[in-house]
Amino acid sequence: MTHEPLATAVREAGARVLARYATASRPPGLPEVLADLRANDAAVAEV
């Protein structure tokens with residue numbers, strides 16, 4: 001009996017969980033949105 005299918009399923013599930021809950025996958029919060037708005041305002045003011 002081989003455990004390869006089980007190991008593959010566990011690896012794939014782990015990758016999905018990591019992708020779902022990693023901080024890089026979350027939508028931007030208020031501080032990030034405000035920083036982007038300020039950067040945009042600064043870029044527009046320079047033009």
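The values are calculated or read from the model by the stated rules, or taken from the named source; none is laboratory data. Since we're looking at a predicted model, the values are computed, not measured. A quick note on method: Cβ atoms are made from the backbone with ideal geometry, for glycine too, and the neighbour counts reach across all protein chains shown.
Select, from Glu46, Glu32, the only residue that is modelled with pLDDT under 90, among the acidic types (Asp, Glu) and loosely packed, with under 10 Cβ neighbours inside 10 Å. Can you show your working first?
Working: Glu32 fails: loosely packed, with under 10 Cβ neighbours inside 10 Å.
Just a single option satisfies the conditions, and that option is Glu46.
Go through the range 9-47 and give me each residue that's assigned to a helix (DSSP H, G or I), within 21 Å of the chain's Cα centre (by Cα) and of a type in the set (D, E, K, R).
Correct list: Arg11, Glu12, Arg16, Arg20, Glu32, Asp36.
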